1. Test of understanding: given the chain, find the longest segment containing no chymotrypsin sites (Phe, Trp or Tyr not before Pro) that are in a DSSP loop and have at most 13 other Cβ atoms within 10 Å.
2. Under a Cβ-Cβ cut-off of 12 Å, what is the net charge of the residues other than ASN279 that fall near it, where Lys and Arg count +1 and Asp and Glu count -1?
3. Which whole-Hz ³J(HN,Hα) couplings does the stretch 2-18 yield from phi under the Karplus relation 6.51 cos²θ - 1.76 cosθ + 1.60, θ = phi - 60°, glycine and proline marked x?
4. Which shape class, rounded, prolate or oblate, goes with the stretch 36-194 when its Cα gyration tensor gives a ≥ b ≥ c as root eigenvalues, a/c under 1.5 marks rounded, and past that a/b bigger than b/c marks prolate?
5. Considering only the other residues whose Cβ falls under 14 Å of the Cβ of LYS249, what net charge follows from Lys and Arg at +1 and Asp and Glu at -1?
6. Determine, for ILE43, ILE83, the number of other Cβ atoms within 10 Å of each Cβ, and report the residues in order from fewest to most.
7. Taking amide H atoms as placed 1.01 Å from N in the peptide plane, list the residues 5 or more away in sequence, or in a different chain, whose amide H sits under 5 Å from that of VAL142.
8. Label-point separation (nm) for LYS272 and TRP348, each offset 7 Å from Cα along Cα-to-Cβ?
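Read the figures in this text as sums done on the coordinates, not as results from a lab. The model shown is predicted, which means the values in this text are computed figures rather than measured ones. Cβ placement follows ideal geometry from the backbone for every residue including glycine, while neighbour counts extend to all protein chains displayed.
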Amino acid sequence: MTPIQDLMIKHDDLIVATSGRAFWILDDMGLIRQYKTAKDQAILYKPEAAMLSNHGSELNGNDDEFEGANPLQGVNPANGVVIYYHLPEALDSTDIEITITDKNGNLVRRLSSKADPAFQSYAGGPRAEPTIAKKKGLNRFVWNMRYPMLKGAPLAYIEGSFQGHKASPGEYTLQLKVGAQELKTTFTILENPMYGIRAEDYANYHQFMTTAEQEFNAMHQMVNDLLKLQTQLSAVITGIEGDKHQALKKEAQELVKKMKTWDEEMIQRKSKAYDDVENFPNKFTANYLFAINHAESGIPIVNQPTRDRIAELDVTWKKLKQEGEAMLNTAVPALNKKLWDAGIGALWLGK
């Protein structure tokens, strides 16, 4: 037993100190101050302000097994916005949803208790979006202050981070939807005083990263759409027999060849593990992701060489995008009509 010699409230946290042994900072006091119980309704607690930082912590996760202490070392506060909410009962058949919006009402992140059924896990691809708990009583989720995961291109192995960039300092709105009930509160992301960054620097960083991430998502969306059509068209070609539709078959084969050539410029599909890049060089989207990762540094300022590299890649993307759009919007619909008129069938993209 070690006696507690000093207690102090500082920055809304409780500091507990012993005589020569150690001292501890008890975080999340804001939850205790506003904690209340309700047997028949959901409660959303206002998160404490979170500061932009790059430290690690066992408290970043949402593991029920972790009790907040480590027998061998101190535990840093969570590096993120700690969200607490109370549910009056376990929700087996009802899904809940959390949305985070910025001061202008723009969606920053949407989180659900239901996993995305369309998500495909594969080596070198993005992680699944995290799910939120919906057990009875107090639930906790730590939002890492990042925008959504970037889109992958199954099953292409890309060595890089698909994480979205971190949100900028400012006021945000948090909404919890439980069935027909919608609860709202606000929270603040604080700037890190050690960075010495101006508000306009954060705004420029956010604009740059948002634009680059949107373009990257558009790239992989087009890659995935054209691969789906390429697979369908290849199957249609194998079913075309006899002399009657040979001209149509040849046209379809030429389009498939064009699709493959475009795909090979965009994506490296031979790599299956980290070292494979030594034998199979990265292609366009991997290079673009690498540039995004380089921009997404610990301190949110994009240097000029990285801006120049993205600008250079954007020139290449403009050409590749035009080629992809020409196939999606012109070549495929035209061939589709011919296949339909010939009674062979039609291609279907779907979403």
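1. Numbers: sites that count: TYR35, PHE66, TYR122, TRP348.
After excluding every exposed loop site, the longest remaining stretch is 123-347.
2. Working: positive: LYS270, LYS272; negative: ASP275, ASP276, GLU278.
So the environment of ASN279 carries a net charge of -1.
3. Result, ordered by residue: 10, x, 8, 9, 9, 10, 8, 9, 9, 6, 6, 10, 9, 9, 10, 10, 9 Hz.
4. On the way: a/c = 1.35, a/b = 1.16, b/c = 1.16.
It is rounded, given that a/c, with a ≥ b ≥ c, falls under 1.5.
5. Charge balance in the 14 Å sphere: 0.
6. Working: ILE43 18, ILE83 23.
Fewest to most other Cβ atoms nearby, the residues stand as ILE43, ILE83.
7. Here the answer is ILE83, since their amide H atoms fall under 5 Å of that of VAL142.
8. Modelled inter-label distance: 3.3 nm.
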